[in-house]
Amino acid sequence: MSEIQASGDMEAVDRLQAAYGRLKAELGKVIVGQDQVIDEVLTSIFARGHALLVGVPGLAKTLLISTLSEALSLSFNRIQFTPDLMPSDITGTEVIQEDKATGQREFKFIPGPVFANVILADEINRTPPKTQASLLEAMQENQVTAGGHRHVLPQPFFVLATQNPIEQEGTYPLPEAQLDRFMFMIKVDYPSAKEELEIIQSTTSAREVKLEQVLSGEDIMELQELVRRVPVADHVVNYALEFSRRTRVTEDEAPDFVKQWVAWGAGPRASQYLILGAKARAVLNGRTFVSGDDIRAVAHPVLRHRIICNFSAEAEGKSSDYIVDQLIESIPRAEADAGATA
């Protein structure tokens, strides 16, 4: 695939930036604040990735995803994850049907709710691992296998999941293999006092909001291809690689604080998502090149669920976000930032 050329592709970059602005404006009609959360969700979508939103109840995680689906001309299904949910309740099942003309019986696949463009996996940690794992093939291969037959999912396809971090009773933590399928883990924090006042005023009145659809599925796939074609200089790729490799305690380049506080570091998928997320951020900001600042901007959502802290870190109150902060400070950035002025 060819890289972005200066001739006609700048129009596409401008179009993506304009669509990004319109999407944020539509989401702003319903969602108050949460600018960074919205930015990271849209970045993951245009980078063709899945996102896990983590926050306490009442912070509009579910509302954000459902509102986004309304602003996009895409099919949408919400799956409420519960302890009694079965894999076939998500992927679909085969049933026996009889042909009345011939009298023959045959299996017919009835698609489940995963067959949509946007999937809201609400409270994904409330269902057992067997059911959580039913999403693995869909998220990685964009298909579902049932009865020995492959069923391709509609494109584009996104899983946007929510999770409550404070309630552990009756929940099932996501396995590391499934966490790794999520491009971003997005932290949703409390609103400011001003934002909370606006939330109260807007949600306790009779105000009705009508959203306009901004992009179609074809538009999104075209813009995703544009993001993939953004060139990245070798020194910026090496800068992203440093973030992943320095999280691994077995590597010589791992700093002392990683060896002290980390049990397991990030795998190669982290490096891939750092580059893809940086590409999407660059284009969303109207640029056709990636800088070190783009890598740093996506480092936390890409790495926070891929760095497994050990007991010493927990005892000292050090989180994966703190370790990413230390990595940002410790990795030399001069060469990577030089690309921003190139």
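The values are calculated or read from the model by the stated rules, or taken from the named source; none is laboratory data. All values derive from a computational prediction rather than experimental measurement. Cβ placement follows ideal geometry from the backbone for every residue including glycine, while neighbour counts extend to all protein chains displayed.
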Criterion (hydrophobic (A, V, I, L, M, F, W, C), surrounded by 16 or more Cβ atoms within 10 Å (Cβ to Cβ) and either on the phi > 0 side of the Ramachandran plot or touching a Phe, Trp or Tyr at 6+ places or on another chain (Cβ under 7 Å) (or both)) met by exactly one of Ala254, Ala278, Ala233, Ala299: Ala299
Test: residue in segment 262-278 that is closer than 30 Å to Gln17 by Cβ, without any contact (Cβ under 8 Å) to a residue 24 or more places away in the chain and either part of a helix (DSSP H, G or I) or of a type in the set (D, E, K, R) (or both): yes
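Just to be sure, is Val114 surrounded by 12 or more Cβ atoms within 10 Å (Cβ to Cβ), in contact with a strand residue (DSSP E or B) (Cβ under 7 Å, 6 or more places away or on another chain) and farther than 24 Å from Arg281 by Cβ? Lay out the reasoning, then the answer.
Details: surrounded by 12 or more Cβ atoms within 10 Å (Cβ to Cβ): yes; in contact with a strand residue (DSSP E or B) (Cβ under 7 Å, 6 or more places away or on another chain): yes; farther than 24 Å from Arg281 by Cβ: yes.
So Val114 fits the description; yes.
Going through segment 121-131 one residue at a time, which ones are in contact with a Pro (Cβ under 7 Å, 6 or more places away or on another chain) and either buried (at least 16 other Cβ atoms within 10 Å of the Cβ) or aromatic (Phe, Trp, Tyr) (or both)? Give the derivation first.
So in segment 121-131, the residues in contact with a Pro (Cβ under 7 Å, 6 or more places away or on another chain) come out as 125-131.
Of everything in segment 121-131, those that are in contact with a Pro (Cβ under 7 Å, 6 or more places away or on another chain) and either buried (at least 16 other Cβ atoms within 10 Å of the Cβ) or aromatic (Phe, Trp, Tyr) (or both) turn out to be Asn125, Arg126, Thr127, Thr131.
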Out of Val283, Val262, Val214, sole residue that is out of contact with any strand residue (DSSP E or B) (no Cβ under 9 Å at 6 or more places or on another chain) and either of a type in the set (Val, Ile, Thr) or at pLDDT below 85 (or both): Val283
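Name the strands (runs of 3 or more DSSP E) wholly inside segment 56-118 in which the number of residues that are modelled with pLDDT of 85 or more and in contact with a Ser or Thr (Cβ under 9 Å, 6 or more places away or on another chain) is 2 or more. Lay out the reasoning, then the answer.
Numbers: elements: 76-80, 92-98, 105-111.
Where strands (runs of 3 or more DSSP E) fall fully within segment 56-118 and carry at least 2 residues being modelled with pLDDT of 85 or more and in contact with a Ser or Thr (Cβ under 9 Å, 6 or more places away or on another chain), they are 76-80, 105-111.
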Residue check, Gln178 in the same structural domain as Gln80 (by TED's automatic domain parsing), surrounded by 17 or more Cβ atoms within 10 Å (Cβ to Cβ), in a helix (DSSP H, G or I) and not basic (Lys, Arg): yes
Qualifying positions in segment 133-149 - assigned to a loop (DSSP other than H, G, I, E, B) and in contact (Cβ under 8 Å) with a residue 40 or more places away in the chain: Gly147
Pair list, Cβ < 7 Å and 6+ apart or interchain, from segment 1-22 residues that are surrounded by fewer than 11 Cβ atoms within 10 Å (Cβ to Cβ) to residues that are of a type outside the set (Asp, Glu) and at pLDDT 75 or above: Met1/Arg228; Met1/Arg229; Ser2/Arg229
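For segment 51-99, which positions are β-branched (Val, Ile, Thr) and under 22 Å from Met183 (Cα atoms)? It would help to see each step written out before you state the result.
Filtering segment 51-99 for residues β-branched (Val, Ile, Thr) gives 54, 56, 62, 65, 67, 79, 82, 90-91, 93, 95-96.
Of everything in segment 51-99, those that are β-branched (Val, Ile, Thr) and under 22 Å from Met183 (Cα atoms) turn out to be Val54, Val56, Thr62, Ile65, Thr67, Ile79, Ile90, Thr91.
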Segment 150-159: number of residues that are surrounded by 12 or more Cβ atoms within 10 Å (Cβ to Cβ) and in a strand (DSSP E or B): 3
Answer residue from segment 181-205, given it is within 19 Å of Leu52 (Cβ to Cβ) and among the charged types (D, E, K, R) and is surrounded by the fewest Cβ atoms within 10 Å (Cβ to Cβ) among those: Asp189
Breaking point among (1) surrounded by fewer than 15 Cβ atoms within 10 Å (Cβ to Cβ); (2) in contact with a strand residue (DSSP E or B) (Cβ under 7 Å, 6 or more places away or on another chain), for Thr82: (2)
